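J.: So that we are looking at the same thing, I have put the structure below in structure tokens.
The values are calculated or read from the model by the stated rules, or taken from the named source; none is laboratory data. Small disclaimer: the values here were computed from a predicted structure and weren't measured. Here the Cβ is made from the backbone with ideal geometry for all residues, glycine too, and neighbour counts use every protein chain on show. What goes into the accessible areas is simple: the full protein's heavy atoms, side chains included, and nothing from ligands, DNA or RNA. Shrake-Rupley method; radii C 1.70, N 1.55, O 1.52, S 1.80 Å.
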Amino acid sequence: METREISKAVIARLPRYYRYLGELMESGVDRISSNELSRRMNVTASQIRQDLNNFGGFGQQGYGYNIKYLYSEIAKILGIDRQHNLIIIGSGNLGQALANYANFEKRGFLIKGMFDINPRLIGLVVRGIEIRGVEDLETFIKENEVQMAALTIPKTKAPEIADRLVNAGIKGIWNFAHVDLQVPDDVVVENVHLSESLMRLSYRVCNIQEEKKKKRS
């Protein structure tokens, strides 16, 4: 396949395709057309075809998509057909909630360690993972071949910890801290700002309510 830049919007839709295809497989469905998938996902059939054509298509006109094959191919595209070793920095409520989410392992993300600076948390065990002090961070990353880290720490501490992670060889940071991290070009940061997501939800709810008021007046 020819290498080309894929838009962020397309990449953002791939996990949703993957989820729906997984549900179809569990229901015993073998094949599906773009029109049928469109009705289930509320995405236009042409959008689905355009998205998948970025990676070679995978379907046959008049025959649809082989669900098991497409599911496995999207897994390869997303890189979840292999294991990714992950650590969590910050073992408070959010960090522990992430560690307790078993579905990560089903997607190939293996939580190898948890870290914190709070002495009351160090030594506690969450789903079989002992919380360690951050002084062991670099050694642990190298000994356990860790590629990714989740940051669930205050924004004041995040840049310093991010620098340590990058220097230790981490290539992907899942950032829950409310700060934009400065990292080299070969390190990927995926920001998850929970309060911003909640504010977007608020905006959409308020807009719908305003539209209803206008229609009634």
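J.: Shape verdict for region 14-54, please, from the Cα gyration tensor: rounded (a/c under 1.5), prolate (a/b greater than b/c) or oblate.
T.: Values: a/c = 1.87, a/b = 1.56, b/c = 1.20.
Prolate, because a/c is 1.5 or more and a/b exceeds b/c.
J.: When DSSP assigns beta bridges and you keep just the ones with both residues in region 71-150, what percent turn out antiparallel, to the nearest 5?
T.: 15 percent
J.: When the chain is fully extended, how far beyond the present Cα-Cα distance does Ala45 get from Arg107, taking 0.36 nm per residue of separation?
T.: On the way: separation 62, 0.36 × 62 = 22.32 nm, distance 2.65 nm.
Full extension from Ala45 to Arg107 adds 19.7 nm.
J.: Right, another one. What whole-number value in Å² describes the accessible area per residue of the chain for a 1.4 Å probe?
T.: 63 Å²
J.: Over the chain, with a Gaussian network built from C-alpha contacts below 10 Å, which listed residue (Gly90, Gly128, Gly172) shows the highest mean-square fluctuation?
T.: Gly128
J.: Here's something else I'd like to know. Take Lys171 and Glu26, extend 7 Å from each Cα along the Cα→Cβ direction, and tell me the distance between the two endpoints in nm.
T.: 3.1 nm
J.: Lysine pairs in the chain with Cα distance under 22 Å, only those 8 or more apart or on different chains: how many are there?
T.: 14
J.: Under the rule of at least 5 residues apart or a separate chain, name every residue whose amide H is placed under 5 Å from the amide H of Leu124.
T.: Amide H to amide H, under 5 Å and 5 or more residues apart or across chains, Leu124 pairs with Ile131.
J.: While we're here: Quick one: what do you get for region 1-98 if you divide its Cα Rg by 2.2 N^0.38 Å?
T.: Cα-based Rg divided by the globular estimate yields 1.26.
J.: Separate question: May I ask you to give the percent of accessible area on region 1-106 that is carbon plus sulfur, with a probe radius of 1.4 Å?
T.: With neighbouring chains kept in place, the figure for region 1-106 is 45 percent.
J.: Taking R0 as 35 Å, what FRET efficiency do you get between Val205 and Glu135 from their Cβ-Cβ distance, rounded to the nearest 0.05?
T.: For R0 = 35 Å, the calculated efficiency reads 0.20.
J.: Tell me the accessible surface of Leu70 in square angstrom (1.4 angstrom probe, heavy atoms of protein chains only), to the nearest ten.
T.: For Leu70, solvent-accessible area is about 0 Å².
J.: Taking N as the number of residues in region 104-186, what is its alpha-carbon radius of gyration divided by 2.2 N^0.38 Å?
T.: This ratio for region 104-186 stands at 1.07.
J.: Shifting gears a bit: May I have the extent of the alpha carbons of the chain along their three principal axes, as whole Å values ordered from largest to smallest?
T.: 60, 53, 34
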